[in-house]
Amino acid sequence: MGLPPAGSAEDYSTIAKLEIRGENFFGINSGDNPNPRPITFRVNPITKTHAEADAFQQAADAGMRGGKARLIVDRDLCAACGLRGGVNSMAWQLGIEELEIITPSGNKKITVKPPNRRRQ
């Protein structure tokens, strides 16, 4: 992909891999993505620009739905994707029931829940 070596001073890219239903989808954050695609998930605007959203969108575009999945990210989840629920929300919209998340800080499995929505 022409990216600098992971962990180098020039490395600003985040890479995510979503494994679902025997398929692998590799995402990259939008600033470095050579093949940007519209993110159709109802999710916060910060998450829409992240590698996780790119990987989930590819899975959605391929018709992947339901079951269990694994998300591997080369950096820890930011607050928008983790604490504020961006990843959970996208997983819920794909009908995923259980998601294993692997980051440099470790592994955890979450039971995917309906996202919290702000009142408008």
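The values are calculated or read from the model by the stated rules, or taken from the named source; none is laboratory data. Keep in mind that what you see is a predicted model, and the values were worked out from it rather than measured. We place every Cβ from the backbone using ideal geometry, glycine too, and count neighbours over all the protein chains shown. To get the accessible areas, we keep the full protein, side chains included, count just its heavy atoms, and leave off ligands, DNA and RNA. Shrake-Rupley method; radii C 1.70, N 1.55, O 1.52, S 1.80 Å.
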For the subset of region 17-44 comprising residues that are open to solvent by 30 Å² or more (accessible area, probe 1.4 Å) and not in a loop (DSSP other than H, G, I, E, B), which member is farthest from ASP76 (Cα to Cα)? GLU23
For ASP61: the one exception among (1) open to solvent by 80 Å² or more (accessible area, probe 1.4 Å); (2) of a type in the set (D, E, K, R); (3) in contact with a helix residue (DSSP H, G or I) (Cβ under 8 Å, 6 or more places away or on another chain); (4) under 22 Å from SER30 (Cβ atoms): (3)
For ALA55, are the conditions met, namely being among the hydrophobic types (A, V, I, L, M, F, W, C), outside any helix (DSSP H, G or I), open to solvent by less than 80 Å² (accessible area, probe 1.4 Å) and modelled with pLDDT of 95 or more? no
Would you say LEU94 is under 17 Å from PRO115 (Cα atoms) and touching a residue at least 60 places away in the same chain (Cβ under 8 Å)? yes
What are the residues in region 64-74 that are surrounded by fewer than 18 Cβ atoms within 10 Å (Cβ to Cβ) and either on the phi > 0 side of the Ramachandran plot or in contact with a Pro (Cβ under 9 Å, 6 or more places away or on another chain) (or both), if any? GLY66, GLY67, ASP74
